[in-house]
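So the structure is just underneath, and the comments pick up after that.
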Amino acid sequence: MKKFAIVLLLAIAATSLSVAQDIKIGGIGPVTGEAATFGVSTKNGMTLAVEEWNAKGGVFGGRKVKLIFEDDKGDPAESATVYTKLIQQDGVVAIVGTVMSKCTLAGAPICQAAGIPMITPASTNEKVTQVGDYIYRACFIDPFQGTVGATFAFKNLNVKSAAAIFDLGNDYTKGLAENFKLTFEKLGGKVVAYEGYPTGVTDFKAQLTKIVAAKPEVLYIPDYYNDVGLIAKQARELGFKGPMVGGDGWDSPDLVKIGGKAVENGYFTNHYSPDDTRPAVQDFVKKYTAKFGQKPDALAAQAYDAMYIMLDAIKRAGSTKGTVIRDALAKTNIDVVSGNIKFDANRNPIKAAVIIEIKDGKQVYKATVKP
Ligand code: PHE
């Protein structure tokens with residue numbers, strides 16, 4: 001009886017040893033809340049990437065990926081909660097997320113303190129990777145994005161005066177407005193009105209009335225699509241007829257649903273366009289559309305890429321140790337959908353931006369701008 005029990009125990013031990021353990025990766029995005037389309041696309045992009053890695057046999061040593069995805073609801077406090085939950089409760093070895101800079105800024109210090117490598121697919125605020133050496137991103141930063149927007153307005157739209165309206169409580173929109181203003185003025189343009197509004201308001205008429213009175217030729221609106229749709233509508237109601245320019249936060253199928261005709265003559269800077277003819281892009285668009293029944297937006301592409309970058313680092317590390325993954329991330333050199341990724345000393349990749357026009361309710365690719 002005793003001998004039997006020992007044999008049985010040995011057998012159980014042997015089986016559990018021979019089954020490679022899954023590698024747990026945390027994913028985070030705003031699946032609900034003010035920017036819910038961002039989270040849905042982000043989750044889809046990560047899911048597709050993980051499926052592809054698992055179909056190829058996993059990351060290393062036959063170990064597959066288990067993606068544990070959480071919703072931060074677009075809220076920094078909720079974001080801190082899910083970062084902590086993924087690390088402490090689930091024991092993830094790395095995190096891919098989150099999307100809105102204000103939420104990523106709440107999560108990054110938690111990863112840094114815990115020694116858990118993190119890559120945000122789409123948070124562009126400069127401060128995010130400054131949190132520490134475990135924090136990476138797969139996208140360009142707002143000093144570049146704001147410069148591209150301002151240069152496009154000044155040179156391509158050929159306007160000499162601008163106004164900007166931004167969310168006072170949001171690092172992303174505040175930062176983009178600042179960067180736009182800096183470049184627009186450096187080019188010789190004039191910023192005739194610069195108005196902030198508190199987070200959460202839906203009536204922007206007080207700020208817009210001042211803006212319209214200053215007679216700018218272009219209006220810069222660096223916010224997420226919900227607010228942009230409302231601001232554009234109210235600006236048109238108050239008589240503003242000129243072009244509007246914004247950032248990646250415009251990228252949602254809901255922008256034209258909310259803004260309607262008001263967002264025509266609108267342009268925004270973004271990470272990628274599904275109309276890019278490069279084979280890597282078209283291959284991704286095909287796979288994603290087949291699986292999700294919808295063309296991938298920039299959030300989907302960025303999330304897919306970010307997951308690839310993280311899994312490639314873990315594969316090269318051949319380890320799930322935080323320090324080893326972190327050092328492997330630093331040596332990244334990989335071709336993904338959005339191009340080749342290498343990190344600079346601040347853990348940011350150097351990437352081009354695209355300019356998209358809203359025309360007849362559709363996104364039309366205009367140009368690619370290299371750094
Ligand atoms: N860049 C935005 C931020 O930092 C997030 C975002 C990325 C939104 C891409 C839309 C598309 O908050």
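Worth pointing out:
- Some residue of region 236-253 being open to solvent by less than 10 Å² (accessible area, probe 1.4 Å) and among the aromatic types (F, W, Y): yes
- All positions within region 316-371 that are more than 19 Å from the chain's Cα centre (by Cα), more than 18 Å from V285 (Cβ to Cβ) and among the charged types (D, E, K, R): R316, K321, R326, D327, K331, E357, K359, D360, K366
- Elements of type strands (runs of 3 or more DSSP E) in region 255-371, at least 2 residues being open to solvent by 40 Å² or more (accessible area, probe 1.4 Å) and either under 30 Å from V218 (Cα atoms) or in contact with a Leu (Cβ under 9 Å, 6 or more places away or on another chain) (or both): 362-369
- N170 passes every criterion in (1) open to solvent by less than 40 Å² (accessible area, probe 1.4 Å); (2) away from the ligand (no atom under 16 Å from the Cβ) apart from (2).
- Filter result for T199 (closer than 17 Å to S101 by Cβ, open to solvent by 70 Å² or more (accessible area, probe 1.4 Å) and not hydrophobic (A, V, I, L, M, F, W, C)): yes
- Selected residue [crowded, with 19+ Cβ neighbours inside 10 Å and more than 28 Å from the chain's Cα centre (by Cα)] from G189, G175: G189
The values are calculated or read from the model by the stated rules, or taken from the named source; none is laboratory data. Computed from a predicted structure; not experimentally measured. All Cβ positions, glycine included, derive from the backbone under ideal geometry; neighbour counts span all protein chains shown. Note: areas computed on protein heavy atoms with side chains; ligands, DNA, RNA excluded. Shrake-Rupley method; radii C 1.70, N 1.55, O 1.52, S 1.80 Å.
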